[in-house]
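As structure tokens, the structure follows; a few thoughts come after it.
The values are calculated or read from the model by the stated rules, or taken from the named source; none is laboratory data. Keep in mind that this is a model prediction, so the values were computed, not measured. Here the Cβ positions follow ideal geometry from the backbone for every residue, glycine too, while neighbour counts run over all protein chains shown. For the accessible areas, the whole protein counts, side chains as well, though only heavy atoms, and no ligand, DNA or RNA atoms are used. Shrake-Rupley method; radii C 1.70, N 1.55, O 1.52, S 1.80 Å.
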Amino acid sequence: MRRALASLICSFALCAAAAEPAREFGSAFYTGLAISVVQVRAADAAGKGYFGSGVVVAANEVITNCHVTRHAARIEVAKGALVFPVFGQKMDMGNDLCLLRTADMPLRPVTLREAVTVRPGEKSFYYGYSGGIEAFFAPGRVATLHPHDGSAVFETSSGFALGGSGGGLFDQDGKLIGITTFLASGHSGGYFAMPADFIHRLRKQMEHDIAPISGLALWEKADAEQPWFLRFARLAAQARWPAASEMAQAWTEAEPVNADAWHQAGIALIRSERPRDALPLLERADKLFPGHPDILFHVALAQARAGTPEAARNARDRLARTDADLLVRLDEALGCSAYC
């Protein structure tokens with residue numbers, strides 16, 4: 001991935017862990033993911049190389065990020081010693097997704113999962129070529145979903161690094177939920193994946209010969225042209241909470257049925273030491289997205305800091321039924337005396 005990726009900052013959302021029975025994810029599970037993930041190698045007209053990851057999503061069809069292939073005069077995908085040339089690509093530069101058509105590959109396509117079925121707190125697994133050479137696994141959780149362009153961008157704790165662009169974000173059944181695309185500055189825990197369901201509409205685009213691509217991805221655009229959640233995240237990373245609160249207020253006015261907007265607006269007020277003012281915003285978020293672990297976390301946090309222990313205890317009890325690990329973090333942040 002390009003150096004510019006590091007400029008994006010994670011929002012204040014905490015990465016949640018699902019409250020569910022333990023499940024083993026052994027070598028067979030990871031091997032199943034590995035069968036469908038490839039390395040993408042691109043070279044410009046001068047021979048300079050660019051490397052990323054890709055996922056086989058249909059026969060002779062690989063999804064990757066356009067920022068991996070944007071300078072390419074030629075592209076190939078590789079799995080171990082097997083190398084397959086790419087003959088064409090379909091592009092959605094704004095969402096940073098490129099669909100490659102390859103030579104015949106004896107590799108298994110993944111099953112896609114729609115973003116609307118994914119819940120915050122679910123287990124997630126990254127598989128790709130972080131580091132550019134060896135394949136790499138990273139388990140984690142889906143922290144939250146940021147509504148975007150008719151679907152949602154996933155924020156996850158399943159980490160990836162240089163070379164990981166275009167890798168797969170999988171659920172516990174090995175289904176592809178996202179394509180790992182950009183990450184938080186300083187690897188602070190925020191990793192973002194574009195939704196796999198964008199592949200359906202990308203398939204309807206015209207195919208182009210392999211050549212350099214113009215345009216910018218959503219995370220590369222000027223601040224005013226970026227999605228609200230990225231604009232908020234940048235202010236949050238700079239601890240500019242009054243400005244973040246003002247922006248989030250505008251966000252709620254622009255997207256009044258977006259739980260993410262109300263949630264982030266509430267976070268900004270908590271961080272501005274205004275927990276009472278944060279409560280109606282967080283409660284609105286909770287109504288729009290009931291059971292979201294991170295929203296419940298912040299409702300309990302705001303109630304405790306606003307001096308309403310009974311309400312904090314009620315929010316804590318709801319969180320306990322949703323996400324046991326995040327409950328531990330809440331108790332560590334407040335201590336039992338805050339609501340016991």
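In segment 161-227, the inverse of the mean reciprocal separation of distinct Cα atoms equals 14.2 Å; this is its Kirkwood hydrodynamic radius. State the percentage of accessible surface on segment 168-270 attributable to carbon and sulfur atoms; use a 1.4 Å probe and exclude ligands, DNA and RNA. Percent of accessible area from carbon and sulfur atoms in segment 168-270: 50. In whole angstrom, segment 272-326 maps to an equivalent ellipsoid with semi-axes of 17, 13, 9, each derived as √(5λ) from the alpha carbon gyration tensor and ordered largest first.
In this Cβ point-charge picture (+1 for Lys and Arg, -1 for Asp and Glu), segment 28-87 has a dipole of about 120 debye about its Cα centre. What's the whole-number percent of alpha carbon pairs in segment 100-151 lying beyond 17 angstrom? Percentage above 17 Å: 60. Summing charges over neighbours of Ala248, with a neighbour being any other residue whose Cβ is under 13 Å away from its Cβ, gives +1 when K and R count +1 and D and E count -1. Charge tally for Asn60 (other residues, Cβ to Cβ under 15 Å; Lys, Arg +1; Asp, Glu -1): +1. Across all C-alpha atoms in segment 40-110, the radius of gyration and Dmax reach 11.2, 34 Å.
Calculated from DSSP H runs of 4 or more alone, at -39500 (n - 2.57) each and per residue, what is the 222 nm mean residue ellipticity of the chain, nearest 500? Using -39500 (n - 2.57) per qualifying helix, the result is -9500 deg cm²/dmol. Pair-distance distribution of the chain: all C-alpha pairs, bin width 10 Å, starting at 0; shares per bin in whole percent are 6, 26, 32, 21, 11, 3, 0. Per residue, the chain exposes 41 Å² of solvent-accessible protein surface, assessed with a 1.4 angstrom probe and all protein chains in place. Descending by average beta-carbon neighbour count within 10 Å, the peptides 88-95, 112-119 line up as 88-95, 112-119, the highest first. In the chain, a dipole from Cβ-located charges (positive for Lys and Arg, negative for Asp and Glu) runs towards its positive end, and of Leu326, Pro85, Ile35 it is Pro85 whose Cα lies farthest in that direction. Dipole check for the chain: with +1 at the C-beta of Lys and Arg, -1 at the C-beta of Asp and Glu, and the Cα centre as origin, the magnitude is about 320 Debye. Ranking Leu100, Ala161, Ser151 by how far each Cα lies toward the positive end of the dipole of segment 68-182 (charges on Cβ) leaves Leu100 at the top. Among 142-150, 45-53, the peptide with the highest mean count of other Cβ atoms within 10 Å heads the list, and the full ranking is 142-150, 45-53.
Taking amide H positions as modeled 1.01 Å from N, with prolines and chain starts lacking one, the residues under 5 Å from Leu97 and 5 or more places away or on another chain are Cys66, Asp92. Summarised as an ellipsoid, segment 52-192 has semi-axes of 24, 16, 15 Å, derived from the eigenvalues of the Cα gyration tensor scaled by 5 and square-rooted, with the largest first. The residues packed around Met105, meaning those with a beta-carbon under 13 Å from its beta-carbon, carry a net charge of 0 if Lys and Arg are +1 and Asp and Glu are -1.
Per the Debye formula on identical point scatterers at the alpha carbon atoms of segment 190-340, with no solvent, log10 I(q)/I(0) at q = 0.14, 0.16, 0.18 Å⁻¹ is -0.76, -0.92, -1.08.
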